[in-house]
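What follows is a short report on a single structure.
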Amino acid sequence: MTKRSDISEERPLTFLFAGGWLIGRLVGPPSCRLIVKRNGHSITRQIPKPIVLVDTREKSPFDFSRFRNWIAEEKRQKLKVGDYSVEGMETLLVLERKTLTDLITTLIQNRTRFFRMCELLTKYRWRALLVEASYEDIKSTYEEECTSAHPNAVSGTLDALEARFGIPVIYTSFFRPLAEEKAASWLSKHFTYWYLEKNGLGRVLQEGDL
């Protein structure tokens, strides 16, 4: 069985489009800053990059060093809940990370504790659960020797969790660099909008757009 971590960043991906199969390749992350404009002029350099806070209990944390265009640096700090936040936004933003194995184990063995944690997440203005797996992975059969959980039970629980607690579920990939990129993008964009709003610059990157 091929390990997901052994798959190169240039591995081919298959997509179903317009009744036919298209073969594509993974595209690397953007190398430029998140562009912010006012009156048609860039003010990007006036906007700082976030310092990501990584909970000290994270045993295998994401590596954001590839995203210096988005993330200034990382700091290890004990968080009240969740795995990642941003300096200055500790009471506003939180990101919880789960591998598929960890997610299944949590839902089977630590279900009550996990839902208590989800209740704590609702205290934050911006929160999300990032899963290191795609929805296709969630819905695929699991190895019987590893778990008796059914894919429908797992996917249904995640849908119910999002509906009840208002916690968005971010499906990413077994391929860790993609999961890291998604987390870096999510954290940096939330920080940028918050910084603009906080400093009276309006909650928009560019007028007439996002």
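See the values below:
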| quantity | calculated |
| --- | --- |
| Hey, Ile71 touching an Asp or Glu at 6+ places or on another chain (Cβ under 6 Å) and over 19 Å from Pro168 (Cβ atoms) or not | no |
| Residue pairs meeting the criteria (Cβ under 6 Å; at least 6 apart or on separate chains; first more than 12 Å from Gly88 (Cα to Cα), in the range 178-200; second in a helix (DSSP H, G or I)) | Ala184/Phe67 |
| Condition met for Leu26 (modelled with pLDDT of 95 or more and aliphatic (A, V, I, L, M)) | no |
| Looking only at the range 57-102, and only at residues there that are of a type in the set (Ser, Thr, Tyr) and surrounded by 19 or more Cβ atoms within 10 Å (Cβ to Cβ), the one that is farthest from Tyr193 (Cα to Cα) | Tyr84 |
| When residues of the range 149-174 are limited to those that are in contact (Cβ under 8 Å) with a residue 24 or more places away in the chain and assigned to a loop (DSSP other than H, G, I, E, B), the one farthest from Gly88 (Cα to Cα) | Ala149 |
| Residue within the range 45-56 that is surrounded by 13 or more Cβ atoms within 10 Å (Cβ to Cβ) and among the hydroxyl-bearing types (Ser, Thr, Tyr) present | no |
| In the range 142-169, the residues that are touching a strand residue (DSSP E or B) at 6+ places or on another chain (Cβ under 7 Å) and surrounded by fewer than 15 Cβ atoms within 10 Å (Cβ to Cβ) | Pro168 |
| Close pairs (8 angstrom Cβ cut-off, 6 or more residues apart or separate chains): within 22 Å of Tyr124 (Cα to Cα) and touching a residue at least 12 places away in the same chain (Cβ under 8 Å) in the range 88-104, of a type in the set (S, T, N, Q) and surrounded by 20 or more Cβ atoms within 10 Å (Cβ to Cβ) anywhere | Leu93/Ser85; Val94/Ser85; Leu95/Ser85 |
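Conditions tested, residue by residue: (1) among the small types (Gly, Ala, Ser); (2) more than 20 Å from the chain's Cα centre (by Cα).
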position	(1), (2)
Val94	no, no
Leu103	no, no
Arg111	no, yes
Phe114	no, no
Cys118	no, no
Tyr135	no, no
Ser155	yes, no
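The values are calculated or read from the model by the stated rules, or taken from the named source; none is laboratory data. Just so it is clear, the structure is predicted and the values come from calculations on it, not from any experiment. Reconstructed Cβ throughout: ideal geometry from the backbone, glycine too, with neighbour counts over all protein chains shown.
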